Amino acid sequence: MIKQKNILRKPMINTINLILMLITSLFIGISCSKDSSEPSSGIIQTNLIKIEDALNHSNTDFVNLVNSTRGRVGTIGSGSKVVWSKKNDFHLGLFVSANHAYGITAWSSLNEEFIDITSVYNGIYLGSQMPQTNGNPSLTNELVANFGLYHPQIPASATNTTILPENDFYLGIMDNQRIINNGFGHYPNFVQTSIPFEIFDPNNRTLSNQTWSIPNSDDIVIAMGYPQDKATYPNGAVATGKVYSNAEAENIIHLLNISNDIEGGIPYNPQVEFLANIDAVTGMSGGGVFNTDGQLVGIMVRATELNGEPILRVIRMSYIVQKLNDFYNTLPISDKNKLQPFIRGELN
């Protein structure tokens, strides 16, 4: 779970643990500090800033990247979501978010499952917003229909605060049903497939041959989401940073464990996640993390700090894609025919 920054900071640990942390850090040879030099791609590294400031930044490459990705990130409940792809039979918005942002009790079953959204009524408007389709960065009071489509196995013991990264994602569909939020409860009709989902995606990344990618160590990536602090970040926030190598990530988790940080008690799984030196705060869970080409590389799920530096846990898109494909391949033909139209372009 991504927490508020002011509760991420830890009190000074005892001297013995501090010495152990220093020795371990020197032995492995990692540094949590952001590199002050700009990478060759021209994308800067920046702490968390609001979208409006990002779009007015002096670095043109950074502004272009923000502009090419921001239209795919929206809100869901108290968290965030990101449109992964429109490569399906109806060009609807296939999105990814965090289970803890949706609320694990919202699912009818904790078993791995897909929902036949053409016959099961599970659509909601509440808390579902997307940036304006004309590119205006200001959120309006328009709500967009979204439907839960698939989630992995969720352990019975899991809660919204303890669920592990390997279980903490789900897929959904957005169609073009939209209403103005007037404070009353409204629910959409069954998913509508006749009109493609409208989205601000100037580079058509959601329809590209490769909508997602696997990040490399030291890559600069950009994270976007919607903090719950709407006064400071009314239209979302963005930060950039580097991807840690698996060795660095394992050492960071070790150091967090020494300092009694809750993240240190969650083993690092390189097949499921990667760690990045990126700022994130409450509300950004489920938001998208992109590479400098604008491809989706993962979603944010948990965050903390180590020695004053931000540590972000990101579920890899490669893991999400593999889980979806593995599940799809276990289904009988009748169920494949129900699910396939909504994910066809992302099947292996």
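The values are calculated or read from the model by the stated rules, or taken from the named source; none is laboratory data. On a predicted model such as this, the values are computed, not experimentally measured, just so you know. We place every Cβ from the backbone using ideal geometry, glycine too, and count neighbours over all the protein chains shown. These area figures cover heavy atoms from the full protein model, side chains too; ligands, DNA and RNA do not enter into them. Shrake-Rupley method; radii C 1.70, N 1.55, O 1.52, S 1.80 Å.
Details
- Ranked by how many other beta carbons lie within 10 Å on average, peptides 303-311, 78-86 from highest: 78-86, 303-311
- GNM remark for the chain: springs join alpha carbons under 10 Å apart, and the peak mean-square fluctuation among Leu94, Leu171, Leu126 falls on Leu126.
- Each of Leu306, Asn146, Asn251 was placed along the dipole of the chain (beta-carbon charges, centred on the mean Cα), and the one lying farthest toward the positive end is Asn146.
- Within region 205-221: backbone nitrogen closer than 15 Å to the Asn269 label point (7 Å, Cα to C-beta): none
- Axis of helix 60-69 versus longest Cα principal axis of the chain: the two differ by about 40°, to the nearest ten degrees.
- Surface exposure of the chain, expressed per residue as accessible area with a 1.4 Å probe, stands at 42 Å².
- Its relative contact order, with pairs defined as Cα atoms under 8 Å and 6+ residues apart, puts the chain at 24 percent.
- Of the solvent-accessible surface of the chain, computed with a 1.4 Å probe and all protein chains present, 50% belongs to carbon and sulfur.
- Helix-only mean residue ellipticity at 222 nm for the chain, each DSSP H run of n ≥ 4 adding -39500 (n - 2.57), per residue, nearest 500: -6000 deg cm²/dmol
- FRET efficiency, Ala156 to Ser119 (Cβ-Cβ, R0 25 Å, nearest 0.05): 0.40
- Set of aspartates and glutamates near Lys50 by C-alpha distance (under 14 Å), chain-local residues within fewer than 8 positions excluded: Asp229, Asp279
- Asn329/Ser245 FRET efficiency (R0 35 Å; Cβ-Cβ; nearest 0.05): 0.65
- Positive minus negative residues near Arg205 (Lys, Arg vs Asp, Glu; Cβ under 9 Å): -1
- Each label was represented as a point 7 Å from its Cα along the Cα-to-Cβ direction; for Ser138 and Glu309 these points are 4.0 nm apart.
- Here's the list of aspartates and glutamates a cross-link from Lys87 could span, going by alpha-carbon distance under 15 Å and ignoring same-chain residues fewer than 8 apart: Asp175, Glu198, Asp201, Glu346.
- Residue-count net charge about Ile154 - beta-carbon cut-off 11 Å; Lys, Arg +1, Asp, Glu -1: -4
- Summing +1 for each Lys or Arg and -1 for each Asp or Glu among the other residues whose beta-carbon sits under 14 angstrom from that of Leu126 gives +1.
- Residues in region 222-239 carry Karplus couplings, in order, of 10, 10, 9, x, 10, x, 6, 6, 6, 5, 8, 10, x, 10, x, 9, 9, 8 Hz; the curve used is 6.51 cos²θ - 1.76 cosθ + 1.60 with θ = phi - 60°, and Gly or Pro positions show x.
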